[in-house]
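As structure tokens, the structure follows; a few thoughts come after it.
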Amino acid sequence: MLDVARYFLSLDYVKRYIDIMSTYKMNVLHFHLVDDSGWRLEIKKYPKLTEIGAFNGEGEKKSGGFYTQEELRELVKYAAERNVTIVPEIEFPAHILSAVSAYPWLSCRGEQLSVPDQHYISKDLLCVGKDSAITFLKDVLTETFDIFPGKYLHIGGDEAVYTYWEQCKRCQEVMRREGLKKASELQAYLTNLVAGFAAKHGRKIVGWDEILQRGKIDCQVASMIWRNMKFAQEALDMGQEVVLAPADYA
């Protein structure tokens, strides 16, 4: 994994990283493009994601950056020539303060916020009760699929705080409609929805281990186990694919 969301890195840096990966015969780059503190992927339908979401601070303290779609296509080609597949990560429902700062209507509260200059976990989640937010997500993923031809899409799914979903009338209505008992189960609802959408594009979902623990998953996904290795056996017992990524060591 290369985290360019919290710390933006130049295209030349990423190419050099891929060169080193290839030297050591590492053939999958998990490309962390979205987090609270930065949105690094140009989405033509939503230009504010990079106009606003890719930068923090003001004046001389302003920092950040993003990759154009043309640059990313160049990077995909560069990686493929070195036998490296890039797996993009578009994080949700949490870790999207950069998107909410650009488009406040994506969240349950709809408040104008700003991209933080120090990393923290925002409580603002993508509002699953708004059709506009779901449409946004599908639009973003459609453009992402057009850039990255690989089999897998990483959806993040970690460290969500469900306070605002519990307070949101729209989200509560989805819970009643779907027969869900806890707000956290809305995450599985969203994961299933996106997995189905991705499957129509010939893609498969990867997420952090939380995606299997926030309600019933109705489809095949890959789970990256980062918190507790016992979750790996639980995922395997569900018939799911597993990638071991223990935070204690990696």
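The values are calculated or read from the model by the stated rules, or taken from the named source; none is laboratory data. Quick caveat, the model's predicted, so the values are computed rather than measured. All Cβ positions, even for glycine, are placed from backbone atoms using ideal geometry, and neighbour counts span all protein chains on display. For the accessible areas, the whole protein counts, side chains as well, though only heavy atoms, and no ligand, DNA or RNA atoms are used. Shrake-Rupley method; radii C 1.70, N 1.55, O 1.52, S 1.80 Å.
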Legend entry - Cleavage-rule hits, chymotrypsin sites (Phe, Trp or Tyr not before Pro), segment 1-36, DSSP coil, Cβ neighbours within 10 Å at most 11: TYR24
Inset, instruction - Would you mind checking which residues have amide H under 5 Å from GLU91's amide H? H placed 1.01 Å from N; only 5 or more apart, or other chain. - result: VAL34
Legend entry - Rel. contact order, % - alpha carbon contacts under 8 angstrom, at least six apart, segment 73-176: 37
Inset, instruction - Could you tell me which of the pairs LYS45/LYS138; LYS181/LYS216; LYS123/LYS169; LYS138/LYS216; LYS182/LYS216 are separated by over 19 angstrom between their Cα atoms in the structure shown? - result: LYS138/LYS216
Inset, instruction - Take the solvent-accessible surface of the protein heavy atoms, probe 1.4 Å, and return the percent of it on the chain that carbon and sulfur atoms account for. - result: 50
Inset, instruction - Whole number in Å², please: accessible area per residue of segment 39-143, 1.4 Å probe, ligands, DNA and RNA not counted. - result: 44
Legend entry - Within segment 143-250, chymotrypsin sites (Phe, Trp or Tyr not before Pro) in DSSP loop having at most 14 other beta-carbon neighbours inside 10 Å: TYR249
Legend entry - Where segment 201-250 is the region considered: accessible area per residue in Å², 1.4 Å probe: 55
Legend entry - Cα centroid separation, segment 90-144 to segment 207-250 (Å): 24
Legend entry - At 1.002 mPa s and 20 °C, Stokes diffusion of the chain via Kirkwood alpha-carbon radius, µm² per second: 116
Inset, instruction - Express the relative contact order of the chain as a whole percentage, based on alpha carbon pairs under 8 Å and six or more residues apart in sequence. - result: 15
